[in-house]
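Peer 1: Take this structure, written in structure tokens, and hold onto it; I'll ask about it next.
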Amino acid sequence: MKKIYLLVLVSVLLLSACGPAADMGHQDGEGVEAHDFWARAALKDGTSAAYMLLHNHGTEDDALVGASSDVAAAVEIHLSKMGADGTMQMIPQESIALPADGEVELKPGSYHIMMIGLVKDLNVGDEITVTLHFEKHEDITLTIPVMEAADMGGSGMDGHNTMP
């Protein structure tokens with residue numbers, strides 16, 4: 001009887017170890033995955049931006065519809081776009097489409113998560129928490145490292161320079 005009890009206990013422990021890991025944005029090949037995330041260093045009361053690669057592993061289209069963080073008074077989805085007058089404009093977006101089995105890169109000079117009215121300095125080496133909100137997928141909460149944009153080569157953590 002003790003062997004059966006021990007076997008059940010070991011099985012339960014092994015199965016619990018196979019459960020969902022702490023949510024760092026990865027979804028083990030299903031649903032939406034966020035990776036290569038980072039945020040710009042910035043001063044209190046200013047603005048910062050978070051960048052990442054979003055991959056929809058699902059068979060259904062989805063959309064990023066918002067984000068939230070306790071480090072800013074407001075968090076918005078923006079698109080940076082060169083205006084006709086040659087100045088960079090940041091255009092608020094209601095959502096970013098995530099096609100089925102597709103990916104979207106949030107990067108400098110393109111889509112990004114804008115954090116407005118920072119409640120504290122974001123220093124290189126800090127980590128911040130940002131929660132992504134989707135149309136269909138459950139929220140994903142990320143612990144994002146703060147870096148200098150120059151450290152990223154303007155291209156994100158994956159080393160691919162995709163800036164226009």
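The values are calculated or read from the model by the stated rules, or taken from the named source; none is laboratory data. If you're wondering where the values come from, they're calculated on a predicted model, not measured in any experiment. All Cβ positions, glycine included, derive from the backbone under ideal geometry; neighbour counts span all protein chains shown. The area values use the complete protein model at the heavy-atom level, side chains included, leaving out ligands, DNA and RNA. Shrake-Rupley method; radii C 1.70, N 1.55, O 1.52, S 1.80 Å.
Peer 1: State the number of residues belonging to the range 44-57 that are farther than 16 Å from residue 103 by Cβ and open to solvent by 10 Å² or more (accessible area, probe 1.4 Å).
Peer 2: 4
Peer 1: Does residue 17 count as of a type in the set (A, V, I, L, M) and either within 23 Å of residue 111 (Cβ to Cβ) or at pLDDT 95 or above (or both)?
Peer 2: Considered against the rule, which asks whether it is of a type in the set (A, V, I, L, M) and either within 23 Å of residue 111 (Cβ to Cβ) or at pLDDT 95 or above (or both), residue 17 comes out as no.
Peer 1: Still on this model: Could you count how many residues in the range 103-152 are among the small types (Gly, Ala, Ser) and open to solvent by less than 50 Å² (accessible area, probe 1.4 Å)?
Peer 2: 4
Peer 1: Examine the range 102-116 for a residue that is of a type in the set (Val, Ile, Thr), assigned to a strand (DSSP E or B), within 15 Å of the chain's Cα centre (by Cα) and farther than 19 Å from residue 47 by Cβ, and state whether such a residue exists. Show your work before the answer.
Peer 2: Within the range 102-116, the first condition is being of a type in the set (Val, Ile, Thr), and the residues that meet it are 104, 113, 116.
Going one step further and asking which of them are assigned to a strand (DSSP E or B), we end up with 104, 113, 116.
Narrowing further to those that are within 15 Å of the chain's Cα centre (by Cα): 104, 113.
Within this subset, residues satisfying the condition of being farther than 19 Å from residue 47 by Cβ are 104.
Among the residues of the range 102-116, at least one is of a type in the set (Val, Ile, Thr), assigned to a strand (DSSP E or B), within 15 Å of the chain's Cα centre (by Cα) and farther than 19 Å from residue 47 by Cβ, which makes the answer yes.
Peer 1: Can you pull out every residue in the range 58-101 that is part of a loop (DSSP other than H, G, I, E, B) and surrounded by 16 or more Cβ atoms within 10 Å (Cβ to Cβ)?
Peer 2: 58, 71
Peer 1: Considering the range 59-94 alone, what residues qualify as being among the small types (Gly, Ala, Ser) and in contact (Cβ under 8 Å) with a residue 60 or more places away in the chain? Before you say what the answer is, go through the steps one by one.
Peer 2: The first filter runs over the range 59-94 and keeps only residues among the small types (Gly, Ala, Ser), leaving 63, 66-69, 72-74, 80, 83-84, 86.
Matches in the range 59-94: 63, 66, 67, 68, 69.
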